[in-house]
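The values are calculated or read from the model by the stated rules, or taken from the named source; none is laboratory data. Bear in mind that the values here come from a model prediction, so they are computed numbers and not experimental data. In this analysis, Cβ positions are derived from the backbone assuming ideal geometry, glycine residues included, and neighbour counts consider all displayed protein chains.
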Amino acid sequence: MELTTLDYAFIIGFFTLVLGIGIGVSRKSGKSTAEYFLSGRSMPWWLLGFSMVATTFSTDTPNLVTDIVRVNGVSGNWVWWAFLLTGLLTVFVYAKLWRRSGVTTDMEFYDLRYGGKPAHFLRGFRAVYLGIIFNILAMSAVTLAAIKIGQVMLGLSPVQTVLIGGVITVIFSAAGGFRGVVYTDFLLFFVALAGAVGAAYYLVNIPEVGGVTQLLAHENVAGKLSILPDFSDTEALIGILIIPLAVQWWSAWYPGAEPGGGGYIAQRMLAAKNENHAVGATFFFNIMHYALRPWPWILVALASLVVFPDVASIHEAFPNVEESKLGNDLAYSAMLTKLPPGLLGIVLASLGAAYMSTISTHLNWGSSYVVNDFYKQQIKPEASERELVAVGRITTVVLMVFSAILALFLTNALQLFDIILMFGAGTGLIFILRWFWWRINAWSEISAMFISGLISILFNFTSLGSYLFGGAAPSGEVLEGLLPAWSKFPVVVLITSIVWLVVTFATPAERAETLRAFYKRTQPGGPGWKRIVDQAKREGVELDLGKKWSVPSGILAMLLGCLLVYSCMFATGNWIYGNYPLATGLTVAVIVSAWLLKRIWSKIKGDIL
């Protein structure tokens, strides 16, 4: 595939502009850690919202969606669509709490909510565990997608792709800090969206596919179209829909979809001007992320089933691709090779935008943990602001290097998604309850974190997992499990939950002074804090500042928000499918739920500063 002068003009102009923005804001970003990691807590909701969406535009996301659609059909996307419940719970319940906390990172939360050496250990350990280990895993999946795009579309070797993409991204990330990331995200969002929509429109109408009508009627596609799984297939129904909606969304930790908020989503909420802007940013993100953006990727994935019906056909078309990188997720990149000049340049620029946006966010987020929650707390508390910013920039480079090296050894994005999801299984309930139940302590989180990781290793990488749930054992022998395969995730959640609950009641509660300070700053309210509030009142200490407990209204708003977003998602799909009566009904549901949500929000908005 050869690029024209027009294509090169789009690509070079885009990367030059991005680098210019990063370098342009570098002086202001380097003044302090508050500027470098949070832009002085002065960001408006719309800019933060666009940044969240751009960050999750990631190059591995269309590959992941393509892999899911080709293997399990459109309904297979419920494995990540279910996280909408988590996202909207963050919007209407937790966003204001994070902003009130005033912490620099969500790891700093541990020294606010808990106390003593266990809290100090938890903060430092999770800063390394998430900021380095999990962060590198997530970035390596994104870089893997870039490698596949480079191999298929440009004929680049994996090392060449890593060097080109990594060097440009790390320069503007290290120089511009969070402000540079957010400013460029605003640009990257529109470039990435234009590329995704333009590619979907063109590829669905190429002669091999023949337009939407012929695509939907094609024998390779017809059985993949349903938005809901086949209810007659019990195993698929449980694994694809029931487990994600009943268990996964509240119990699993995953970057960008943490129960109760966290990670780079929390970083953006903490950077907002105030609570209201934090809520607005996260709500905007969830609407765009779930309701509208998936469909261009889904259409390309469906079209790929016509052009490249299996992995063998992809390999035949692209024999130079390394066998270790072959998989269904490669079909997205393969389809993009059919784009015409001009549009090809825009799409390549959009993929570069998606890559840079996601990687730059992870680099800044991960380095914020290393600097604020490990280096400053554990290594050198007296470090100057200039030194801390310098450590942040060095960490940015190191994280990029290690994630790039790991990406060279991976095969597909879905395998990494499943591993990360399993490692966080069972911990989510703590992240939801720790704001509203005083009895949870640092040992609760420590035990959940370690038992979840240990069980996940046993179930995924040893013969025990194959014996219990079936699959290939490390010896190569294929075993039939004692339990159905879909039960693995709920079993991990159940064991983890039992362990951390037992540990919670077997260990001392946090000190009254720590609990009172946390309550007074964040004002979480609710019956879970009644004992602490009443005890303080008897001692003449007033903790309740008169804020109304808005959680019941927040949960109702969350449910209405889910109805709004899912109706919008299904309506879009059915308009595309040509199911006009159903699409019309769903569109009406969007309007009604939006009106009801607005009324509910007006009742709880008074509790937002």
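Summed over region 211-252, residues that are small (G, A, S), touching a helix residue (DSSP H, G or I) at 6+ places or on another chain (Cβ under 9 Å) and free of Cβ contacts under 8 Å to residues at least 24 places away in the same chain total 3.
Residues satisfying the criterion are absent from region 68-78 (criterion: crowded, with 23+ Cβ neighbours inside 10 Å, touching a residue at least 12 places away in the same chain (Cβ under 8 Å), under 13 Å from the mean Cα position of the chain (by Cα) and part of a helix (DSSP H, G or I)). Condition (residue is more than 24 Å from L19 (Cβ to Cβ), assigned to a helix (DSSP H, G or I) and without any contact (Cβ under 8 Å) to a residue 60 or more places away in the chain) applied to region 321-335: is it met by at least one residue? Checked against the condition, which is being more than 24 Å from L19 (Cβ to Cβ), assigned to a helix (DSSP H, G or I) and without any contact (Cβ under 8 Å) to a residue 60 or more places away in the chain, region 321-335 yields at least one hit. Looking across region 425-443, the residues that are in contact with a Phe, Trp or Tyr (Cβ under 9 Å, 6 or more places away or on another chain), within 23 Å of W549 (Cβ to Cβ) and assigned to a helix (DSSP H, G or I) come down to G428, L429, I430, F431, I432.
Across region 286-301, a minimum of one residue is classified as part of a helix (DSSP H, G or I), closer than 30 Å to K96 by Cα, among the aromatic types (F, W, Y) and under 23 Å from the mean Cα position of the chain (by Cα). In the set G525, G481, only one residue is closer than 24 Å to I240 by Cα, outside the structural domain of R100 (by TED's automatic domain parsing) and not in a strand (DSSP E or B); that residue is G481.
When region 519-556 is examined, which residues are found to be basic (K, R) and either at pLDDT below 90 or closer than 23 Å to E275 by Cα (or both)? Passing the criteria: K520, R521, K547, K548.
Just one of (1) free of Cβ contacts under 8 Å to residues at least 12 places away in the same chain; (2) surrounded by 17 or more Cβ atoms within 10 Å (Cβ to Cβ) fails for L543. It is (1). Residue under question is I446, and the condition is that it be β-branched (V, I, T), part of a helix (DSSP H, G or I) and modelled with pLDDT of 80 or more; does it hold? Yes; evaluated as a whole, the condition is true for this residue.
Scanning region 259-308 for residues that are of a type in the set (F, W, Y) and more than 30 Å from Q214 (Cβ to Cβ) yields Y264, F283, F284, F285. Taken over region 571-581, the residue count meeting the criterion of being surrounded by 15 or more Cβ atoms within 10 Å (Cβ to Cβ), in a helix (DSSP H, G or I) and not hydroxyl-bearing (S, T, Y) is 5.
Hey, could you check region 338-381 for residues that are among the aliphatic types (A, V, I, L, M), farther than 22 Å from I147 by Cα and more than 21 Å from the chain's Cα centre (by Cα) and say which is surrounded by the most Cβ atoms within 10 Å (Cβ to Cβ)? Step by step, filter region 338-381, then rank; the result is V371.
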